[in-house]
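Read the figures in this text as sums done on the coordinates, not as results from a lab. Remember, predicted model here, so these are calculated numbers, not experimental data. Here the Cβ positions follow ideal geometry from the backbone for every residue, glycine too, while neighbour counts run over all protein chains shown.
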Amino acid sequence: MANGITNSMTNTASSTVSIEYPENRVIVVTPTYNEADNLGRLVREVLRQPARVDLLVVDDDSPDGTGRVADALAAAPESQGRVHVLHRTAKEGLGRAYLAGFGWALERGYGAVVEMDADLSHDPLYLQGLVEAAGGADVVIGSRYLNGISVINWPLRRILLSWGANWYVRTVTRLAVNDCTSGYRLYSRRVLEAVDLPSVRSNGYSFQVEMTFRAQLAGFRICEVPIIFTERRAGQSKLSQGVVWESLLMPLRLRWRARAMRRGMTAGVGQARA
Ligand SMILES: Nc1nc2c(ncn2[C@@H]2O[C@H](COP(=O)(O)OP(=O)(O)OP(=O)(O)O)[C@@H](O)[C@H]2O)c(=O)[nH]1
Ligand SMILES: [Mg+2]
């Protein structure tokens, strides 16, 4: 198995698959900023998936009290100690929240981390597929662009923007991935250990691009599984002008700095090829 996760799969009569992780468990990391209306449902849905993952909420002191909601959910008996909360003191962006969450998960020995938005755009039903695909890859991307374009409730303008952004990223960075900006994805532990996380600069959509770029540069296996993305129903998008500028400039910077980045990741290259 690519990431050393021990899993035993049992096909039951109803053909559901259960996976156990005796040592190296999988944790979903979900960054939150003002997601109080979405979090309860997200936690319930994640916990009932057959993949038996844990969940870490990384909250940036949301003014709407998401942090308190997360604490209450973590303490509820139904959570069985599988839900954790990392409180941060200020809104610092998606990328910083993920880096904090990755560090938390690595310190506690998790074997793989799944990134998931808290706004229910990423259906927890796909967790099983992501985890299973980790048997043959170190990075598994939940892709909106494998079978045409799989998004629900996006206006044409948004589809064109996302598709165009992916075309631009692929062209500039030469990433061999259909959906470079998807925020629903799995990283095995060894990817997170190898890609020199403290030097990751991006914070918006580019965070996904930069992480994929670093993983490809280090020689890790990347695969995509199809997902259907649903636009958020509650809460507000945090897409800002700064994020758009970063998305335009970061691919150029990655291409420019590829050689220097590879030098910083020598350990990862060796591991990936082992
Ligand atoms: N901790 C933390 N979470 C954030 C921050 N910005 C966004 N998020 C979370 O990151 C996830 C994705 O953010 P969204 O606002 O949904 O961004 P998006 O999915 O790119 O945009 P939409 O498609 O319009 O919803 C959500 O769970 C947000 O709550 C931040 O600064 N800190
Ligand atoms: Mg969203």
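Data table
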| quantity | calculated |
| --- | --- |
| Some residue of region 106-115 being in contact with a Gly (Cβ under 9 Å, 6 or more places away or on another chain) and in a loop (DSSP other than H, G, I, E, B) | yes |
| Filtered residue count, region 46-62, keeping only those that are within 14 Å of ligand 1 (Cβ to nearest atom) and not aliphatic (A, V, I, L, M) | 4 |
| Selection count, region 150-177, where residues are under 17 Å from ARG232 (Cα atoms) and part of a loop (DSSP other than H, G, I, E, B) | 4 |
| Looking only at region 237-251, and only at residues there that are in a helix (DSSP H, G or I) and within 16 Å of ligand 2 (Cβ to nearest atom), the one that is farthest from the chain's Cα centre (by Cα) | VAL244 |
| Out of VAL53, VAL58, VAL85, VAL113, sole residue that is within 16 Å of ligand 2 (Cβ to nearest atom), closer than 23 Å to LEU197 by Cβ and either buried (at least 16 other Cβ atoms within 10 Å of the Cβ) or among the basic types (Lys, Arg) (or both) | VAL58 |
| Any hit, region 228-235, residues being in contact with a helix residue (DSSP H, G or I) (Cβ under 8 Å, 6 or more places away or on another chain) and either closer than 30 Å to ARG108 by Cα or without any contact (Cβ under 8 Å) to a residue 60 or more places away in the chain (or both) | no |
| Conditions (1) of a type outside the set (Lys, Arg); (2) within 27 Å of GLN236 (Cα to Cα); (3) part of a loop (DSSP other than H, G, I, E, B): number failed by LEU125 | (3) |
| Residue tally, condition assigned to a helix (DSSP H, G or I), within 16 Å of ligand 2 (Cβ to nearest atom) and over 12 Å from ILE141 (Cβ atoms), over region 178-236 | 2 |
